[in-house]
Amino acid sequence: MSQDKMSRDKLSGASVTLTGDLGVTLRPADAFELFTPRGEERWVAGWRPRFPVPVPDDTMPGTVFETTSDGETTTWIVLDREVGRRVSYARVTPGSRAGTVTVELAEREGGTSVRVTYELTALSPDGERELRAFAAGYPEFLRSWEKAIGALG
């Protein structure tokens, strides 16, 4: 378990950059699928991506999808990917916050090390409050990912 390696690179004003690590007991090629829009449905409670147009590959750069959580709808766009190694998304929650999420996978003994980086900017005072709360809870947020993925068996 490597969530203790979480570091807050920057937290100033209305933007945050947060990076943290977690471990997965799958090889990177197999773990990658868990961090795709459809793959996250397996372990993220309430995660239901909606695609405005059908897509055979939900990690193809340019793919657009939406999610709803806590009454907010977020639009996501796949920016780039290296299958089995890295996927990066842009995300916008209108009137609240916008930025990117990058997931990088590397082989390690017994599985995969996963580095997750959120770079977000507040779009409003409410968005700034959300960012500050998110930053404060980021280590626990990643521990919850590790726990949920570990429960898959």
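Between the listed residues Trp43, Pro125, Gly153, the Cα displaced farthest toward the positive end of the dipole of the chain, a dipole computed from Cβ unit charges relative to the Cα centre, is found at Pro125. Full extension of the segment from Thr121 to Ala14, taken as 0.36 nm per residue of separation minus the current Cα-Cα distance, would add 38.0 nm. Taking every alpha-carbon pair under 8 Å whose residues sit at least 6 apart, region 3-150 reaches a relative contact order of 28 percent.
Comparing Ala135, Val83, Thr100 along the charge dipole axis of the chain, the residue lying farthest to the positive side is Ala135, per the Cβ-charge model.
Spacing of the modelled spin labels on Ala133 and Lys147, each 7 Å from Cα toward Cβ, amounts to 1.9 nm. Across all directions, the average projected area of the convex hull around the alpha carbons of region 23-109 is 6.0 nm².
Which residues in region 58-97 place their backbone N less than 20 Å from a point set 7 Å from the Cα of Arg27 along the Cα-to-Cβ direction? Inside the label zone: 82-87.
With no solvent and one point per C-alpha, what does the Debye sum give as log10 I(q)/I(0) for the chain at q = 0.09 Å⁻¹? For the requested q values the scattering log ratios are -0.27.
In the chain, helices alone account for a calculated mean residue ellipticity at 222 nm of -5500 deg cm²/dmol, with every DSSP H run of four or more residues adding -39,500 (n - 2.57).
Read-outs throughout are calculated quantities, based only on the coordinates presented, and are distinct from any laboratory measurement. Keep in mind it's a predicted model, so treat the numbers as computed, not measured. Cβ atoms come from the backbone with ideal geometry, glycine included; neighbour counts cover every protein chain shown.
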